[in-house]
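Input: a single structure, listed below in structure tokens.
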Amino acid sequence: MNFMYIITDTTGLVHTIASVISLFAGTYVLFAKKGTKTHKKVGYSYIAAMTVVLVTSFMMYNLFGGFGIFHIFAIVSSLTILAGMVPIIRKKPRKYISFHYSFMYWSVIGLYGAFMAEILTRIPKMVIDDQTILPIFFNMVGVAVFIVMAFGYYIMFRKKKAWEKFDKNI
């Protein structure tokens, strides 16, 4: 695969680098012990990198040449990060730790979903025929993102009770 097909300008390069940093930082935070200094430092690195990812996402155009579904998901991602960070900074509402865990968890899982969607948009011969996007593109992206999100939901469902114990200890 031609690497330049993926990164066509400086914005794309910055977006890609920040995305990779976000993937590594987010994965670390998901699996590492919560509440430690390292968790907080890596977590803030995740927030900073994701901010760059989201800002640069609005500086790029989608396959249709304008505002599209990936931009809508960038807005959802922005709101998810805000919903995860505001409670932990304000220490409100009473179950603020569960809110933080839940929303930040979904932020990272959403990033995995976006990663899968991005990989699948880089298969042009399968999805574009004479400059027309074939329906299989939307099916591939939808199924891949659904699988990632379903797996994320399953893991979250199993961990949620443990997260709620932190709220009871406040």
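The values are calculated or read from the model by the stated rules, or taken from the named source; none is laboratory data. Computed from a prediction, not measured in an experiment: that's the story for all the values here. For neighbour counting, all protein chains shown are included, and Cβ atoms are generated from backbone atoms with ideal geometry for every residue, glycine included. Just so you know, the surface numbers come from the protein's heavy atoms only, side chains and all, with ligands and any DNA or RNA stripped out. Shrake-Rupley method; radii C 1.70, N 1.55, O 1.52, S 1.80 Å.
Miscellaneous remarks
- FRET efficiency, A162 to M60 (Cβ-Cβ, R0 41 Å, nearest 0.05): 0.60
- Here the gap between V76 and Y153, fully extended at 0.36 nm per residue and compared with their Cα-Cα distance, gives a gain of 26.0 nm.
- Förster radius 45 Å - calculated FRET efficiency between I119 and R94 (Cβ-Cβ, nearest 0.05): 0.65
- In this label model, H39 and T11 are separated by 3.7 nm, measuring between points 7 Å along each Cα→Cβ vector.
- Entry comment: accessible area of region 11-103 is 60 Å² per residue, from protein heavy atoms only and a probe of 1.4 Å.
- Per-residue ³J(HN,Hα) for region 46-51, Karplus 6.51 cos²θ - 1.76 cosθ + 1.60, θ = phi - 60°, Hz, x for Gly and Pro: 4, 4, 5, 5, 5, 4
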